[in-house]
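Accompanying notes for the structure given below.
The values are calculated or read from the model by the stated rules, or taken from the named source; none is laboratory data. Keep in mind it's a predicted model, so treat the numbers as computed, not measured. Every residue, glycine as well, gets a Cβ built from its backbone with ideal geometry; the counts of neighbours run over all protein chains shown. Only protein heavy atoms, including side chains, enter the accessible area calculation; ligands, DNA and RNA are left aside. Shrake-Rupley method; radii C 1.70, N 1.55, O 1.52, S 1.80 Å.
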Amino acid sequence: MNTYLESIIKRDPAARDKLSIILTYPGVKAVFFHHLAHKIWNLKFYLIARMISQFSRFLTGIEIHPGAKIGRNLFIDHGMGVVIGESSEIGNDVTLYHGVTLGGISPSENSDNQRNSKRHPTLLDNVIVGSSAQILGPITVGECARIGANTVVLKDVPANATMVGNPAKNISTNTDTSFKPYGVRDINDNK
């Protein structure tokens, strides 16, 4: 828990201390409840797991399906409106901002054929996803990629790419893998 909280302090200049993070950050609560729901989901107590995830959604405004696989140190900043689908996979040290969707592309078509299949994205380690970005379908977002705010991603994203727009376009391949919030380059890059 200590390492997790320190990872948030490194990525959020508004984070002043660990106690305030625990008490006031909805993303921290959502991740906690997800870990509990995911364990119960894996024991095949699906209804109980879904009830826990829905309680978490009510409490935090963040919906994480209990079947989603989440690595260590996921930081959901602000969080309201984040949706993470059932077959989503999230690597380590990933940052998501409010309004992000990790969703499927045709959830109401051929539902029987889609059950138990990969329908949602995979985000590899150190990915940053800007507010209200939509990453849809069984695609992979490569390590250290940055997805800009309001971007719609429907195809695989290479490692270190910076994607913006609808549909998403790669505007940069960064060799600097340090944390840069909001999926944008440093302001001084243009000088």
Worksheet, complete the sentence: Given backbone amide H placed at 1.01 Å from N, residues whose amide H is under 5 Å from that of Y25, ignoring those fewer than 5 places away on the same chain, are none
Fill in: Relative pair counts by distance (%), Cα atoms of segment 29-103, 10 Å bins
22, 61, 17, 0
Discussion item. For a bin width of 10 Å, list the pair-distance distribution of segment 8-55 built from all Cα-Cα distances, rounded to whole %.
Written reply: 26, 38, 24, 12
Response to the item:
Counting only protein heavy atoms and leaving out ligands, DNA and RNA, the solvent-accessible surface of Y46 at a 1.4 Å probe, in Å² to the nearest 10, equals 100
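May I ask for the Kirkwood hydrodynamic radius of segment 54-153, worked out over all distinct Cα pairs and given in angstroms to one decimal? Don't skip to the answer; put the middle values down first.
Values: mean 1/r = 0.0750 Å⁻¹.
So the Kirkwood estimate lands at 13.3 Å.
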Discussion item. I'd like to know which of W41, N166, N2 lies farthest towards the positive end of the charge dipole of the chain, counting +1 on Cβ of Lys and Arg and -1 on Cβ of Asp and Glu.
Written reply: W41
Practice prompt. With N denoting the number of residues in segment 109-154, provide Rg(C-alpha) divided by 2.2 N^0.38 Å, to two decimal places.
Written response: 1.30
Worksheet entry | Lysine pairs in the chain with Cα atoms under 22 Å, if 8 or more residues apart or on separate chains | 17
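Assigning unit charges at the beta carbon (Lys, Arg +1; Asp, Glu -1) and nothing else, what dipole magnitude in debye, to the nearest 20, does the chain show about its Cα centre? Intermediate values should be presented prior to the final figure.
On the way: 20 positive and 16 negative charges, 54 e Å.
Roughly 260 debye, rounded to the nearest 20.
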Worksheet item: So what is the 222 nm mean residue ellipticity for the chain from helices alone, if each DSSP H run of at least 4 adds -39500 (n - 2.57) and you divide by all residues, rounding to the nearest 500 deg cm²/dmol?
Response: -8500 deg cm²/dmol
Worksheet item: Roughly speaking, what is the centre-to-centre gap between segment 61-100 and segment 109-158 when only Cα atoms are used, to the nearest Å?
Response: 11
Item to complete: First compute the accessible area of segment 20-61 with a 1.4 Å probe, then give the percent of it belonging to carbon and sulfur atoms.
Response: 75
Response to the item:
Given 20 °C, 1.002 mPa s and a Kirkwood radius over Cα pairs, the Stokes-Einstein diffusion coefficient of the chain in µm²/s is 128
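I need the peptides 4-16, 132-144 ranked by packing, meaning the mean over residues of other C-beta atoms within 10 angstrom, with the highest value on top. It would help to have the intermediate numbers written out before the result.
Values: 4-16: 15.1, 132-144: 20.0.
Answer by packing, highest mean first, reads 132-144, 4-16.
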